[in-house]
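Asker: My questions will all concern the structure given below.
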């Protein structure tokens, strides 16, 4: 995919990130990859960024702009809240893990076993030293199978050492005499300490409304690697729409239209797919000003619609993205700077332009593709106009206003294309 020169520079980026906790800034990537070589295009650099994120490297100064809700959320109705707190022995959790009664592989973000052997071993060492672990969070609405919300890496480390026996202790800090020991090698005293450890477990019980659960887990989610809103959203809305969203996020049309710049590591790509469903399938007039609630509703809608409609969501997503890329090329969904260079991907632009494109027929879109140079020039002026003031907020008025302005812009572009083609004839 890359020539030898770029491969060497990618190695420099990887080495730099390795010296800085697995993080590298986008600016440094540009400096290293480009390095006064004007033959390297922005698309190639974006491909490098995508490659590095797939290798587990975090890129700061993300190519993503978002907006937040500007309204206060509705207060809880206490009777609706059904979150339990249990003290459970690790042995009981191990039994659930052994019999696959805890889902460690739900269709939401983080993969299990991201920790190094040393990190896992230090966790086991903490149990042996009787150091309490942070609380675990589960969706326990189904007693037969709990879904882990927070604590995935800790549970994976425990399961790997005790149930699956996939690693021995390595890099211990205090109990160095147990270095390279498997679980079966440990003295009975330490086995008992581990299995009798009492865990604090928060469980979402059946009957708690989704939006209440979402908010509660946002409040409780205070771990070292906190779950994102989309991770929680996916965890609490398991169903038939989740695999569709994964396919949407993984499709070539999405990656190409967004310049391979949307990260996959924290489900940001799945959030974009969810936003498409929300804005193209839900009634925008019902948007209350709370974007999290709107996206939750999109997943509820997706799980409740027919299989044929879910398939149609995937196909129209690909179609709309393909046209956005063919019309706006590398500038799709991006702010435009004063010198006509592109800025980062903007969530509000992504939502509004896909909503507008989704309502247009193929004939008009094909005409717009044929006149894309003129349309791109007008797009540059449009996103730098007063319209830019409506991209920064998520309140009801602002969202509806930018949706309206985007529709008017696309309608003008459709008419310009028709008129130009008419004159050419």
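Asker: Helix 396-424 sits at what angle to the longest principal axis of the chain, using alpha carbons and giving 0 to 90 degrees rounded to 10?
Answerer: 40 degrees
Asker: Rounded to the nearest 5, what is the percent of antiparallel bridges among the DSSP beta bridges in the chain?
Answerer: On the way: 12 of 23 bridges.
Around 50 percent of the beta bridges assigned by DSSP in the chain are antiparallel ones.
Asker: Which residue fluctuates the most in the chain, going by a Gaussian network model with Cα springs under 10 Å, if the choices are 362, 318, 396?
Answerer: 362
Asker: Give the dimensionless ratio obtained when the Cα radius of gyration of the range 290-425 is divided by 2.2 N^0.38 Å.
Answerer: On the way: Rg = 15.9 Å, N = 136, 2.2 N^0.38 = 14.2 Å.
So the Cα radius of gyration is 1.12 times the expected 2.2 N^0.38 Å.
Asker: Can you give the convex hull volume per residue for the Cα atoms of the range 227-333, as a whole number of Å³?
Answerer: On the way: hull volume 10.8 nm³, N = 107.
Hull volume normalised by residue count: 101 Å³.
Asker: While we're on this one: Can you figure out the FRET efficiency of residue 412 with residue 2, using R₀ = 35 Å and their beta-carbon distance, to the nearest 0.05? Show your work: numbers first, answer last.
Answerer: Details: r = 41 Å, r/R0 = 1.16.
E(calc), rounded to 0.05, equals 0.30.
Asker: If you line up the Cα atoms of the range 4-61 on their principal axes, what length do they span on each, largest first, in Å?
Answerer: 31, 17, 17
Asker: Now for a separate question. Compute the length gained on full extension between residue 283 and residue 15: take 0.36 nm times their separation in residues and subtract their Cα-Cα distance, giving the result in nm to one decimal.
Answerer: On the way: separation 268, 0.36 × 268 = 96.48 nm, distance 4.83 nm.
Length gained, residue 283 through residue 15: 91.7 nm.
Asker: Shifting gears a bit: GNM on the chain, C-alpha springs below 10 Å: top fluctuator among 231, 411, 271?
Answerer: Between 231, 411, 271, it is 411 that shows the largest mean-square fluctuation.
Asker: For residue 89 and residue 173, what is the calculated FRET efficiency with R₀ set at 30 Å and r taken between the beta-carbons, to the nearest 0.05?
Answerer: My answer for the efficiency is 0.75.
Asker: In which sequence would 127, 354 go, from the one with the fewest C-beta neighbours within 10 Å to the one with the most? Mind showing how you got there, number by number?
Answerer: Numbers: 127 20, 354 25.
In order of increasing Cβ crowding within 10 Å: 127, 354.
Asker: Pairs of alpha-carbon atoms within less than 8 angstrom and 6+ residues apart define the contacts here; what relative contact order does the chain have, in percent? Numbers along the way, then the final one.
Answerer: Details: 555 pairs, mean separation 75.1, N = 425.
Reported relative contact order: 18 percent.
Asker: Report the full-extension gain for the segment residue 164 to residue 200: residue separation times 0.36 nm, less the Cα-Cα distance, to one decimal in nm. Write down the numbers at each step before the final one.
Answerer: Details: separation 36, 0.36 × 36 = 12.96 nm, distance 2.34 nm.
Extending this stretch completely gives an extra 10.6 nm.
Asker: Expressed as a rounded percentage, what relative contact order does the range 264-383 have, with Cα pairs under 8 Å and six or more residues apart?
Answerer: Values: 82 pairs, mean separation 31.1, N = 120.
Answer for the range 264-383 is 26 percent.
Asker: Next question, about the same structure. Once the Cα gyration tensor of the range 82-207 is diagonalised, what are the square roots of 5 times its eigenvalues, in whole Å and ordered largest first, as equivalent ellipsoid semi-axes?
Answerer: 26, 15, 12
Asker: So what is the 222 nm mean residue ellipticity for the chain from helices alone, if each DSSP H run of at least 4 adds -39500 (n - 2.57) and you divide by all residues, rounding to the nearest 500 deg cm²/dmol?
Answerer: Only helices count here, giving -16000 deg cm²/dmol.
Asker: Here's a follow-up. If you wrap the chain's Cα atoms in a convex hull and average its projection over all directions, what's the area in nm²? Please list the in-between numbers first.
Answerer: Working: hull surface 97.7 nm².
Seen from a random direction, the Cα hull of the chain projects 24.4 nm² on average.
Asker: I would also like to ask the following. Taking only Cα atoms and a 10 Å spring cutoff, compute GNM fluctuations for the chain and point out the largest among 349, 172, 236.
Answerer: Per the Cα network of the chain with a 10 Å cutoff, 172 tops the list.
Asker: Sorting 13, 270 on the 10 Å Cβ count, fewest up front, what's the list? Could you put the intermediate results ahead of the total?
Answerer: Values: 13 22, 270 25.
Placing the least packed residue first, the sequence is 13, 270.
Asker: Would you mind calculating the gained length between residue 338 and residue 114 on full extension (0.36 nm times residue separation, minus the Cα-Cα distance), in nm to one decimal? Could the numbers behind the result be given before it?
Answerer: On the way: separation 224, 0.36 × 224 = 80.64 nm, distance 4.19 nm.
This chain segment gains 76.5 nm when fully extended.
Asker: Which of 41, 316, 228 comes first, and how do the rest follow, when ranked by fewest Cβ neighbours within 10 Å?
Answerer: Values: 41 11, 316 16, 228 19.
Going from least to most buried by this count: 41, 316, 228.
Bear in mind that the values in this text are calculations on the coordinates, not laboratory data. Quick caveat: nothing in here was measured; it's all calculated off a predicted structure. Backbone-built Cβ (ideal geometry, glycine too); neighbour counts: all protein chains shown.
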